[in-house]
Each structure stands twice: as structure tokens, then as C-alpha cells.
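The values are calculated or read from the model by the stated rules, or taken from the named source; none is laboratory data. Fair warning: this is a prediction, and the values are worked out from it, not measured in the lab. Note: ideal-geometry Cβ built from the backbone for every residue, glycine included; neighbour counts use all protein chains shown. Quick note on the areas: whole protein, heavy atoms, side chains included, nothing else; ligands and nucleic acids left out. Shrake-Rupley method; radii C 1.70, N 1.55, O 1.52, S 1.80 Å.
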Amino acid sequence: FLSCPAVINPVGGLIADRVNKRNIMVVLDFFTAGLVLAFLLLSGRVSLVGLILVMLFLLYGISGAYQPSVQASIPLLVTEEAIMPANALINMISSLSGLLGPALGGIAYGLWGITPILYLCAGCFFLSALMELFIHIPFTRKERTCSLFRELAGDIKESLLFITREKKEIGKLTLCCTAVNFFLSALMIISLPVIVMQILSFPKGNASEMYGFLQALMAAGGLAGGMAAGIFSKKLNIRNSWKLLFASSLLLIPMGAALQPAIPAYAAYTIIALSGLLIMALASLYTIQIMSYIQLTTPAALIGKVISWIIALSSCAQPAGQIMYGFLLEHLQTKIWLIFTLTALLSMLVSYWNKQAAKNL
């Protein structure tokens, strides 16, 4: 429960606005290095399944507390003009790690086994923490005027009032991002492995290889979107962000149409792969643009908390959407095109809602 995004992200946002963000990142990286070493020491001496569950619980909690600190640090480290390129760079690094990480990890595991990889991971986190010690992030300590519990409750109330009353547009854009994760992202995550591994008539061994290529293309799409955000940052306007989402919605239609029985497997795969790559690029560009706007318009004292709400809601929406699509894919195996068409229509409605929310910005 404590590692649930709905809990840990808002807590991480509260901490990010009250503690030096550099210190948060340093402590969490040192702690992660210690966790990896603890895993190495305890493996073989306690239940492996229980040990893995505890480690995953702690690592998800660390990630939830870490992200608000990183995102809230960007406006403090760069000028307003550089916020979007900075977000684009972070997004590209994330996409690149998603592309190369599993591949390199698989190769390293095949060559040396798990133990050297864990030692290397612990060393990387330790080195990261050491480098972060030399980062200077401006920080003004708040004087405590009441009990810690009252202060935390006041911070939560202040951030919620900001996104629901004082700056309603941010609240609406937050809900748009949540809806994108619920409909668009969840469908992509759940449907693609089912389509490639079960629906398209690839040979069993070839299906795994084709799905691997598809994952690489999705990561490449995210990388391309990050590059585009960095290159065209001065030309992007938040009022036009809905067009990115609308275009992503339209691309779901050819993906669904490609699943008609008359279309050969490799032709369907090509259509799905190209559409998916473009969707990932557009979605990445959309996310960077929304996050950059929120960082620019939110007061420094609230930015960690506001961003944490966005991350928390979006993170909770995705698994909920995955459950829904898992049920639909199981019961509509012969009409998957219908799932894509309905999701496209719903995503278009979200893009219209986004247009209404952003038109007065």
C-alpha cells in the first residue's frame, strides 16, 4: 500500500518542497545501492520470492519519491526558455534506457549471470549519489509554524486548491494526462503483446523476435518525440497540444483495421509498428509539453506537490486501464478492431477536452 503511486508520489512531492531536492536524490541513490548489496547478502539465506517482493516494494517506493524531486528541480536549474529542452533530454534518456537496458541486461545476464550485474548496479547508484553531491539546487528552508502533521495537511490542501481553483487549467490538463494513460497507454501496453504473440499468425519462435523488434520501435518513437521537443521547443504552443493527442487517436484506427482477417500477418505487423512508433513519438511530445507548462506556471513552493499529483494520478490510471483492456481482449478476441476504434473515439474526446482546457492559456 505504501509503495502505491497514490500514496508515495504525493508524499514525495511534500518532501520535495520542504527538503533540499539534491539531498533527497543523494539519500535515495545511496539507499538504493545499499538495497542491492543487501539483496546480494541475503539471497540464498532467506526465501527468494519474499526477498524479491520486499525489494520491489522498496524500489517502487523510492521511484515514487524520486520523480517529484527530479521534475521539481528542473525550473530551479535552467532558464524558462530551456525548460522544455531539459524535459526533452530527460525523456530521451528515459527512452534510451528503456531501449538499451533490457537488451544489455539480457546480454550481460547470459554472459556472467546475475551477481556481477547486481554489483555493477550497486556501484552505479553509489557513483550517481557521489556525483549528485556536487549539484547545487537553490533551496530556501521553510520555518515551521505549527506541528508537522498540520503543516503536511496544509501543504496538501494548498496544492489541491491551486490545481482546482487558483489554476484550474492545470487540474484539467492533469485529468487529460490521466485519461491518456487510462485509454491510450494502457491499450498499447496490453494489446501489442497479445496481437503479436497470439493474433498474428507468426511461427512461435519468430513471434517473440517480432515482439522484441516492436518494443524497440516503441522506445525509438519515444526517443524521437523527445528529440522533436528539444529541437522545436520554441515553436510549440500549449494551446495546440490537443492536436498531438488527436493525431495519436487517429493512428489507432489503422492499427485496428490492420487486424482484419484478410490482411497478411507481416502487412498487419508493419502497419501496427509504424502507427505505434508515431503514437509513441506524439505522446512523448505531448507529455513533455504539458509537463513544461506546469513547471513554468507553478510557484516554486508548490511545484513538487503539483507534479506529484500528476504522476500519482497518471500512474494509477494506467494499471486500471490495463485491467479493463485485459478483460475486453479476452472477451472480444475476434473483434479487437472494435476495441481500437472505440479507444480512438474516446481519445478524440479527451483531445477536445484538452483543447477546451488550453484555449485560454
*Any chance segment 40-48 includes a residue that's assigned to a helix (DSSP H, G or I), in contact (Cβ under 8 Å) with a residue 40 or more places away in the chain and over 23 Å from the mean Cα position of the chain (by Cα)?*
yes
*For segment 290-316, enumerate the residues that are over 17 Å from Lys167 (Cβ atoms) and open to solvent by 10 Å² or more (accessible area, probe 1.4 Å).*
Ile311, Ser314, Ser315, Cys316
*Please verify whether segment 151-162 includes one or more residues that are at pLDDT 85 or above, more than 28 Å from Phe31 (Cα to Cα), in contact with a Leu (Cβ under 9 Å, 6 or more places away or on another chain) and surrounded by 13 or more Cβ atoms within 10 Å (Cβ to Cβ).*
yes
*Considering every residue within segment 42-55, establish whether at least one is surrounded by 19 or more Cβ atoms within 10 Å (Cβ to Cβ), under 28 Å from Leu133 (Cβ atoms) and either modelled with pLDDT of 85 or more or among the basic types (Lys, Arg) (or both).*
no
*Quick one: Leu259 ticks every box in (1) outside any helix (DSSP H, G or I); (2) more than 29 Å from Gln198 (Cβ to Cβ); (3) in contact (Cβ under 8 Å) with a residue 60 or more places away in the chain except a single one, so which number is it?*
(2)
_Given (1) at pLDDT below 85; (2) in a helix (DSSP H, G or I); (3) open to solvent by less than 40 Å² (accessible area, probe 1.4 Å), index of the condition Met188 fails_ = (1)
*Assess whether Ile253 counts as being of a type in the set (Val, Ile, Thr) and farther than 21 Å from Met92 by Cβ.*
yes
*Would you confirm whether any residue within segment 322-345 is within 23 Å of Leu361 (Cβ to Cβ) and open to solvent by less than 50 Å² (accessible area, probe 1.4 Å)?*
no
*If you check Leu245, Leu236, which single one turns out to be in contact (Cβ under 8 Å) with a residue 40 or more places away in the chain, not polar (S, T, N, Q) and not in a helix (DSSP H, G or I)?*
Leu236
*asked:* Here are the criteria: (1) in contact with a helix residue (DSSP H, G or I) (Cβ under 8 Å, 6 or more places away or on another chain); (2) farther than 21 Å from Tyr66 by Cβ; (3) of a type in the set (A, V, I, L, M). Tell me which single one Ile107 does not satisfy.
replied: (1)
*Can you tell me which residue within segment 346-361, out of those that are open to solvent by less than 50 Å² (accessible area, probe 1.4 Å) and either modelled with pLDDT of 85 or more or of a type in the set (Gly, Ala, Ser) (or both), is farthest from Gln67 (Cα to Cα)?*
Met348
